[in-house]
């Protein structure tokens, strides 16, 4: 490196006007350019000089953060216009820059004149990923259920001469919501009025008196809803009148839409600019098929509104809204020094109906019996199969059939609805299911998490086996 003088002549626009300036110039000569990987052009080389100490790095900035890293740590936030900090134990959604969202509990506070949000609990215990910064906290949330309301629909005219009169709702299927205090754990969104007076829903006419103003809901194979009234001995008959039977109800079921699928209002609401669902909808169920309805009827007859055996608890827990499977076992309560029924449940998505389900099961249990309900957690396992296929079949069709046999949303052997909770899954069950598919000649091998599959794969207490055919990232 050497310093030399440089002269620059600047010619002005006036006649013969010019000026000269001489100033020092630093010249850097680099030998053996191939050592640093540049042959030509040298313009690709950048040189920094006269570096000065700016400070000491105390914390290396990161691009992502896990949900658990936000627990019990006040995070400074910038409030949106016209908003205020949430109270303690408020439902909050943590949303990252890529739209991923996690439900949580928390509250707001002001520290050193700066608003902060403190997350006290992560509600989605299954979320194990990372959140991309910047992080947004959403509160002031509204819980909604699917169903369109029909107000005061005239469903028919009463005829006192007709026993067991039945009238049909115009829209279907009828909406049911989970209710721990309702028979069966579900409550229909229906009110029936006769001559302007509200009648009461009953599960059956058994034990009813001739003056009881009750009705029973029945559904046919096409999911139409029929409202049946008494015969004058078991429940009161409908009084004669013209268009004197009116119903207000909601219809629509299912509705488990993905996150961010709801983005517009059906009708304007004063004060509401926009709507979105950062989290996927959960708990919705489609009407049962005839086979499922028969199975549910058999199960309800088995229980008869009273839980005695562990199997009874499993049946009722699995029928509860949002629950796809349940397992019950006797357990010992060290604090109460007594036995209790412990029920593990597998749910759809992040929803956890454990508190309401416990109330529901407790109300149906023997007096003095103690019930505990816990949401089971997934134990993910990567399953890889090596199959020998019949060459006379189209390979893609056989592979699709095998996938459906194992991972069909309702009937698949390995889906959460049929998964093993706190027990062992046998390899023979897997092989038998695969061999039932036409076009499969043999299962040459199976591996779990890149290791040969043993005779059984076990899940510890409180976990269920969640197999996937997608390799871990």
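Table for the structure above
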| quantity | calculated |
| --- | --- |
| Strands (runs of 3 or more DSSP E) (entirely within the range 186-299) containing at least 1 residues that are at pLDDT below 85 | 186-188 |
| Sole exception among (1) under 19 Å from residue 349 (Cβ atoms); (2) in a strand (DSSP E or B) for residue 115, by number | (1) |
| Hey, residue 162 modelled with pLDDT of 90 or more, surrounded by 15 or more Cβ atoms within 10 Å (Cβ to Cβ) and farther than 30 Å from residue 278 by Cβ or not | no |
| Of all residues making up the range 223-266, the number that are in the same structural domain as residue 174 (by TED's automatic domain parsing), without any contact (Cβ under 8 Å) to a residue 60 or more places away in the chain, farther than 15 Å from residue 195 by Cβ and surrounded by 13 or more Cβ atoms within 10 Å (Cβ to Cβ) | 4 |
| Residue check, residue 459 closer than 30 Å to residue 342 by Cα and exposed (fewer than 15 other Cβ atoms within 10 Å of the Cβ) | no |
| Only one of 110, 142 that is under 30 Å from residue 172 (Cβ atoms), outside the structural domain of residue 175 (by TED's automatic domain parsing) and surrounded by fewer than 12 Cβ atoms within 10 Å (Cβ to Cβ) | 142 |
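For every residue, the table says whether it meets (1) part of a strand (DSSP E or B); (2) in contact with a strand residue (DSSP E or B) (Cβ under 7 Å, 6 or more places away or on another chain); (3) free of Cβ contacts under 8 Å to residues at least 60 places away in the same chain; (4) closer than 30 Å to residue 184 by Cβ.
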{"residue": "355", "(1), (2), (3), (4)": "no, no, yes, yes"}
{"residue": "379", "(1), (2), (3), (4)": "yes, yes, no, no"}
{"residue": "403", "(1), (2), (3), (4)": "no, no, no, no"}
{"residue": "409", "(1), (2), (3), (4)": "no, no, yes, yes"}
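The values are calculated or read from the model by the stated rules, or taken from the named source; none is laboratory data. Note that the structure is a prediction, hence the values are computed from the model and not measured. All Cβ positions, even for glycine, are placed from backbone atoms using ideal geometry, and neighbour counts span all protein chains on display.
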